[in-house]
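Take a look at the structure below.
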Amino acid sequence: MSLQIARGREAKPPLRSLRAKQDARPRLQEATQPIAAATPAKKAALRFPVNPETRAFYKRFYPGTSTAEWNDWRWQMRVRIRTLDDLARIFHLSEDEREAVRKHTGALPVGITPYYASLMDLKDAREPLRRTHIMTGDEYLRAPGEEDDPLAEDHDTAVPGIVHRYPDRVLFLTTGTCSTYCRYCTRARVVGNPGGEYQFSTRQWEQALVYLQAHTEVRDVLLSGGDPLTLGDDKLDWLLGRLRAIKHIEFLRIGTKVPVVLPQRVTKNLVAVLKKHHPLWMSIHFTHPKELTAEVTESTARLADAGIPLGSQTVLMKGINDDIAVMKPLMQGLLKRRVRPYYLYQCDPIRGSAHFRTTVDKGLEIIQGLRGHTTGYATPIFAVDAPGGGGKIQIAPDFVVGRDGNDLLLRNFEGDVYRYPDPGGTLGRGKMARLAVE
Ligand code: SF4
């Protein structure tokens, strides 16, 4: 089926990168490979700040690199750290890291932008950002309950690339490419050139668009992957435009980590493309306050200035961010950058992720440490994504102590109990008796 037929009306063929020279329908993974000879967009790129530590990093490990190159997202993609040799050239690898990287095959390869690597500790294998991006032997251990597709997304896949689980919204997996590969990724099976059944192509996009056109109950599309912001501006513009042309789709969202790990991608041109397709919201994946750099201040400012409501999503991970002393400055720092903390996720039981997973109690403890102790906007929703495809389930601290006649008894953030007049209410009834029994 041609793109025109899928669209149901005459239209120009999509843009340059969709019109491959030898194959009218290039595979996305090919099409999204970094362009080798891209010229740095000097003027726009130079506006990105580069802090002195980062400058020292690239002078040391990428000698001869200009600031314009460093700030060119295609350069960052092209020279990503992908191999054991790349890693060993920059990091003092532990024997465990070295062995884990050496024996890796298949999906979820190593991939780290030089920019993001510049934020990591070169010597300490326990440093949080490094732990989340350089594989270790723990990845090869499979704990009880862990699955390759714990959320049963494959089961809810309506057509390739479209996960239709909730009544009025879908997840649109647009690409398998990310700028960095997180070792705890829920879609580890899908990303980083996995092969097999997980392929991404413009043909697949066409099928997805036909499905969405036919399903008038879908009013909300979340574009994810992989990372949609690794697509070129023209492809993204084309896809967003096609989605926007479907009348019943009211709302588009992009899930991305790019503004954090490749902030240079948020060019003026990208922002101009995104602005054309409002209402467009964005969920940005943050992990740790170390990520809140001057560069990220700039990328989030550009997006916020374009009128894109920004929310964050963070995976709770043991030894990485499972401490209120880490989580609070992250959430407060996000607010300062006009990013509203949205979700804090319990780490999904993906195969080989037990070393990252905390107890669920820890998530509640973090929420309790935020709720009332800082701005309400800085408190995300804590959620478990139910294994087997049950969807997100919010877990919140229980501030209801019980009931005394017409009074509801509530505990505040400091643990003090207050009465609230609530004649006729039932909330809390029997709770104190249950507590007494327990
Ligand atoms: S950026 Fe997102 S999709 Fe890509 S590896 Fe990380 S968690 Fe997975």
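The values are calculated or read from the model by the stated rules, or taken from the named source; none is laboratory data. Because the structure is predicted, anything quoted here is derived from the model rather than measured. As a convention, Cβ positions derive from the backbone with ideal geometry for all residues, glycine included, and neighbour counts pool all protein chains shown. Keep in mind that these areas ignore ligands, DNA and RNA; they rest on the heavy atoms of the full protein, side chains included. Shrake-Rupley method; radii C 1.70, N 1.55, O 1.52, S 1.80 Å.
Quick rundown of the values:
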read-out	value
Coarse-grained scattering of segment 206-363 at q = 0.13, 0.19 Å⁻¹, given as base-10 log I(q)/I(0) from a Debye sum over alpha-carbon atoms	-0.67, -1.16
Average Cα contact separation per residue, segment 214-336, under 8 Å, 6 or more apart, as relative contact order %	24
For the chain, convex hull volume per residue from C-alpha positions, Å³	167
Length gained when the stretch E53-D404 is fully extended (0.36 nm per residue, less Cα-Cα span)	120.4 nm
Å² per residue, accessible surface of the chain at 1.4 Å	44
For segment 234-295, the spread of Cα positions along each principal axis, largest first, Å	41, 21, 15
Extended-chain gain in nm, criterion 0.36 nm per residue less alpha-carbon gap, R89 and D422	113.3 nm
Whether segment 169-214 is rounded, prolate or oblate, judged on the alpha carbon gyration tensor where a/c under 1.5 counts as rounded	prolate
Which of R357, R340 is most accessible, then next, and so on - probe 1.4 Å	R340, R357
In Å², nearest 10: area of M135 left accessible to a 1.4 Å probe	0
Computed magnitude of the charge dipole of segment 287-438 (debye, nearest 20; Cβ of K, R +1, Cβ of D, E -1)	180
Residues listed by number, segment 135-179, amide nitrogen under 11 Å from A214 label point at 7 Å toward C-beta	159
Distance (nanometres) between label positions extended 7 Å along Cα→Cβ at K392 and T67	3.9
Under 19 Å from the R82 label point (7 Å along Cα→beta-carbon), backbone N, segment 93-112	101-112
Links that overshoot a 23 Å alpha carbon limit, given the list K276/K328; K257/K392; K59/K328; K336/K392	K276/K328; K59/K328; K336/K392
Quotient of C-alpha Rg and 2.2 N^0.38 Å, computed over segment 113-242	1.21
The chain, relative contact order in percent, only Cα pairs under 8 angstrom and at least six apart counted	14
Segment 357-438: Rg to Rh, with Rh as the Kirkwood radius over Cα pairs	1.04
Vicinal HN-Hα couplings computed from phi for segment 215-223 (Karplus, 6.51 cos²θ - 1.76 cosθ + 1.60; Hz; Gly/Pro x)	9, 6, 6, 7, 10, 9, 10, 9, 8
Accessible area, probe 1.4 Å, largest first, for residues D323, D227, D168	D323, D168, D227
Solvent-accessible ranking of S201, S353, largest area first, probe 1.4 Å	S201, S353
Spin-label model distance (nm) - N412 vs I381, 7 Å beyond Cα toward Cβ	2.8
Accessible-area value, F57, 1.4 Å probe, nucleic acids and ligands omitted, Å²	20
Local net charge near L122, Cβ-Cβ under 15 Å (Lys/Arg +1, Asp/Glu -1)	+3
Extension gain (nm, one decimal) between A125 and R244, 0.36 nm per residue minus Cα-Cα	38.4 nm
Built amide H within the under 5 Å cut-off of S312, gap 5+	I284, R340, Y342, Y343
The chain, accessible surface, carbon-and-sulfur percent (1.4 angstrom probe)	53
Segment 63-118: C-alpha pair distances exceeding 16 Å, %	47
